Amino acid sequence: MNSKERIQETLDTFNSIGERPEGMQRLAYTMEERQVHDMFAELCAKAGMQVRVDEVGNVIARKEGRIKEASPVAIGSHLDTVYTGGKYDGTGGVVVGLEVVRRLNEKQVMTDHPIELIAFVAEESSRFGMSTIGSKAMAGLLSEDSTEKAKDKEGISLKQAMERAGFPGADIAEAKREEGAMQAFLELHIEQGQELERTGKKVAIATGVAAPTRLEVIVQGRSAHSGTTSMDIRKDALSAASRLVLKIEEAAKQESSHKTVATVGVLDVSSGAMNVVPGEVAFKVDIRGLDIASKQRVIAAIESESSVLESEKGMTISMEVLSDEEPILLDSEIQEVLKGACASVDIDPLYIPSGAGHDAMNMAKICPTGLLFVPSRNGISHNPEEFTPIEDFVTGADVLEQAVMKLAVTKEVKVSK
Ligand SMILES: [Zn+2]
């Protein structure tokens, strides 16, 4: 079997679990996720790896290196999905990681450093409203408290679900890997955007992960009868909010050189009746980018337009920051390694920030981390329409294999703590 056939077959094997008419469904800490993890463990064991499951359910397979105490080079992604998901998000990255190990086995290569393949548990937020649970635990970012608070729609807490799956919450801290315990972490993922397609390139190196800043803006006007209130005395909260929405779009467009994006995806109009001039509008803004100053300029634009509307239209506008996560810049040396790996297989990579969160962003807290993207057709993901040609995963495996060789075969060996 060649590489392409192997990748296809392994993808099909994983996707034989949780397939439904409306899409793939392997939710966090469900039977389907357990089954696909068991399948992964079995395939890794067949590839000669030692497999263990950590205290929260991450599956970690290890191919020994020449130097046993050397810190491992890890590759990983996730096998869980959203409710009606596709076949490639996460799963593609796990399959490519396994393919790299199989290729090394085929060539009878033993690296200096051990190689670890990780299938992270519970990456998607669909069930508990919390994402990247497994990698959070590995990076020491998962508090026991948060596992009690996070609940699914049946009211089952994350803590209970973990217990039922055989991972009692008390051991969360044990899943943490110390800083420096890994030589590097690499993740390959589908892009979930259209930059690769648009540029005709095959691989992108992520420069960072653009964590969101989220705001809630409340525009207070005055509700009034739509028939009897003349236009000149109205305080229409929706027309004022509309100006803000357009301003947000314009401000983000002005920051396009920093690849900052801003979205208003939620807007609540009160009273929401056809015959009432809207008295209050609440809307939510999601701003993402790697450049903090650039994100700040978008926020400043909202503030200045708000004060204009307050004085011109007599509105009262309040803004609350719901969350403000720090963007994560990915390790520049690893980006260099990935660039070299691309060059050695004749690939000219694109450099983009990741607009979505991935396990790599947590791993970046404990070891030098790289994130590679392969194309996703029409940028569609979290949907059964999600598609990446197998050839693109083969190319991704070519790059990842070169990067792993570069990182795992060294003269100077760092000893694991
Ligand atoms: Zn994913």
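What does the C-alpha gyration tensor say about the overall shape of region 266-311? Classify as rounded when a/c is under 1.5, otherwise prolate if a/b is larger than b/c, or oblate. Note, shape of region 266-311 comes out oblate.
Taking the chain as a Gaussian network, where each spring joins two C-alpha atoms under 10 Å apart, which residue of Lys87, Lys284, Lys136 fluctuates the most? Result for the chain, Cα springs under 10 Å: Lys284 fluctuates most.
So if I take the centroid of the Cα atoms in region 161-227 and the same for region 113-160, what is the distance between those two points in Å? A separation of 12 Å, based on Cα centres. One chain, two ends: Asn378 and Ser16. Fully extended at 0.36 nm per residue, the span grows by 127.9 nm beyond their Cα-Cα distance.
Taken over the Cα atoms of region 73-112, the convex hull encloses 49 Å³ per residue.
Placing dummy labels 7 Å off each Cα toward the beta-carbon, the span from Glu5 to Ser230 is 8.3 nm.
Dipole orientation for the chain: of the candidates His358, Ser16, Gly208, Gly208 has the Cα lying most toward the positive pole (charges on Cβ; Lys, Arg +1; Asp, Glu -1). With a Förster radius of 30 Å applied to the C-beta separation of Val109 and Asp348, the computed FRET efficiency comes to 0.70. Relative to the Cα centre, the charge distribution of region 211-324, modelled as +1 at Lys and Arg Cβ and -1 at Asp and Glu Cβ, gives a dipole magnitude of about 140 debye.
In the chain, the DSSP beta bridges split such that about 70 percent are antiparallel, to the nearest 5.
Find the Rg to Rh ratio for the chain, where Rh is the Kirkwood radius over alpha-carbon pairs and Rg uses the same atoms. Radius of gyration relative to Kirkwood radius: 1.04. Projecting the Cα atoms of Phe167, Leu290, Ala47 onto the dipole axis of the chain, where Lys and Arg carry +1 and Asp and Glu carry -1 at the beta carbon, places Ala47 farthest toward the positive end.
Working from label points 7 Å from Cα in the Cα-to-Cβ sense, the Ile218 to Ser332 distance is 4.4 nm.
For the cross-link pairs Lys4/Lys107; Lys63/Lys365; Lys68/Lys365; Lys284/Lys313; Lys46/Lys107, the ones whose C-alpha atoms lie over 18 Å apart are Lys63/Lys365; Lys68/Lys365; Lys284/Lys313. With an a/c value of 1.5 or above and a/b not larger than b/c for the gyration tensor axes a ≥ b ≥ c computed over the alpha-carbon atoms, region 13-152 is described as oblate. One way to sum up the overall shape of region 294-417 is the equivalent ellipsoid from its Cα gyration tensor, whose semi-axes run 41, 21, 13 Å, largest first. Using the Cβ-Cβ distance between Leu246 and Asn275 with R0 set to 22 Å, the FRET efficiency works out to roughly 0.30. Sequentially through region 128-139, phi angles give Karplus couplings (6.51, -1.76, 1.60; θ = phi - 60°) of 10, x, 10, 9, 6, 5, x, 6, 4, 4, 5, 8 Hz, Gly and Pro residues having no value and appearing as x. Here the Gaussian network model covers the chain, with springs between Cα atoms less than 10 Å apart; of Val109, Val100, Val53, Val109 fluctuates the most. Dipole magnitude for the chain: about 240 debye, using +1 per Lys or Arg Cβ and -1 per Asp or Glu Cβ, origin at the Cα centre.
Here region 103-142 is scanned for amide nitrogen atoms under 20 Å from the site 7 Å beyond the Cα of Arg164 along Cα-to-Cβ, giving 121-134. With a Förster radius of 41 Å applied to the beta-carbon distance between Asp171 and Leu267, the computed FRET efficiency rounds to 0.40. Restricting to Cα pairs below 8 Å that are 6+ residues apart, what does the relative contact order work out to for region 211-324? Please round to a whole percent. Reported relative contact order: 43 percent. In this structure, the amide hydrogen of Leu142, modeled 1.01 Å from its nitrogen in the peptide plane, lies closer than 5 angstrom to those of Ala137, counting only residues at least 5 positions away or on a different chain. Modelled spin labels at Ser125 and Asp38, positioned 7 Å past Cα toward Cβ, are 3.1 nm from each other. When every Cα-Cα distance of region 211-324 is counted in 5 angstrom steps from zero, the calculated P(r) takes the values 2, 13, 23, 21, 17, 11, 7, 4, 2, 0 percent.
Taking Met162, Met315, Met182 as the candidate residues, the one with maximal mean-square fluctuation in a Gaussian network model of the chain, Cα springs under 10 Å, is Met315. Listed by number, the DSSP H helices of the chain that run 27 Å or longer by alpha-carbon position along their axis and have mean Kyte hydropathy of at least 1.6 come to an empty list. Cross-link partners of Lys153 among aspartates and glutamates, defined as those whose alpha carbon lies under 19 angstrom from its own and excluding same-chain residues fewer than eight positions apart: Glu32, Glu33, Asp80, Glu123, Glu124, Asp145, Glu163.
Among Glu154, Glu144, Glu187, sorting on how many other beta-carbon atoms sit within 10 Å of each Cβ, with the fewest leading, yields Glu154, Glu144, Glu187.
Where a number appears in this text, it was derived from the coordinates with a stated rule and is not lab data. Fair warning: this is a prediction, and the values are worked out from it, not measured in the lab. Because the Cβ atoms are built from the backbone with ideal geometry, glycine has one as well, and the counts that use them run over all protein chains shown.
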